[in-house]
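*Asks:* Got a structure for you, written out below as structure tokens; questions coming shortly.
The values are calculated or read from the model by the stated rules, or taken from the named source; none is laboratory data. Since we're looking at a predicted model, the values are computed, not measured. Methodologically, a virtual Cβ is constructed for each residue, glycine included, from the backbone with ideal geometry; neighbour enumeration extends over all protein chains shown.
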């Protein structure tokens with residue numbers, strides 16, 4: 001009987017330890033309030049400016065609508081698109097040149113940076129649209145000439 005009681009105490013102690021760990025983990029994780037986020041301050045640390053930026057944007061996706069930015073004329077060449085987002089889920093970035101789709105890129109919204117190489121074969125207007133089915137979230141991207 002004493003052995004059984006001792007065994008039950010060990011199980012309960014283990015369960016209590018697991019519960020306290022699970023309760024402590026959310027307290028350690030910073031929660032980003034998307035609606036109240038200071039996007040320029042977040043972008044400054046999440047995706048610092050790069051020299052020679054051709055097109056960039058940062059903002060909030062509060063619903064599932066696409067957010068579009070366009071550069072009127074981008075020279076032919078090789079470029080690097082760097083994207084990041086925060087808030088959970090995933091953000092998608094569609095790149096088109098003169099209305100023709102070129103590249104789709106995505107980023108997990110956990111603060112990591114995703115890099116996509118793009119080749120622009122001919123000069124023209126380039127558009128990047130940001131969207132997500134996991135709104136709300138904050139995003140940032142920049143397109144720079146490849147080194």
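*Asks:* Exactly one of these conditions fails for residue 50: (1) modelled with pLDDT of 95 or more; (2) touching a strand residue (DSSP E or B) at 6+ places or on another chain (Cβ under 6 Å). Give me its number.
*Replies:* The failed condition is (1).
*Asks:* Further question: Quick one: would you say residue 57 is modelled with pLDDT of 90 or more, closer than 23 Å to residue 88 by Cα and touching a strand residue (DSSP E or B) at 6+ places or on another chain (Cβ under 7 Å)?
*Replies:* The answer is yes for residue 57.
*Asks:* Within the stretch 75-89, can you find the residues that are in contact with a helix residue (DSSP H, G or I) (Cβ under 9 Å, 6 or more places away or on another chain) and farther than 16 Å from residue 105 by Cβ?
*Replies:* Of everything in the stretch 75-89, just one residue is in contact with a helix residue (DSSP H, G or I) (Cβ under 9 Å, 6 or more places away or on another chain) and farther than 16 Å from residue 105 by Cβ, namely 86.
*Asks:* Which of the numbered conditions does residue 132 fail, given that it passes all the others? Conditions: (1) over 13 Å from residue 61 (Cβ atoms); (2) in contact with a strand residue (DSSP E or B) (Cβ under 6 Å, 6 or more places away or on another chain).
*Replies:* (1)
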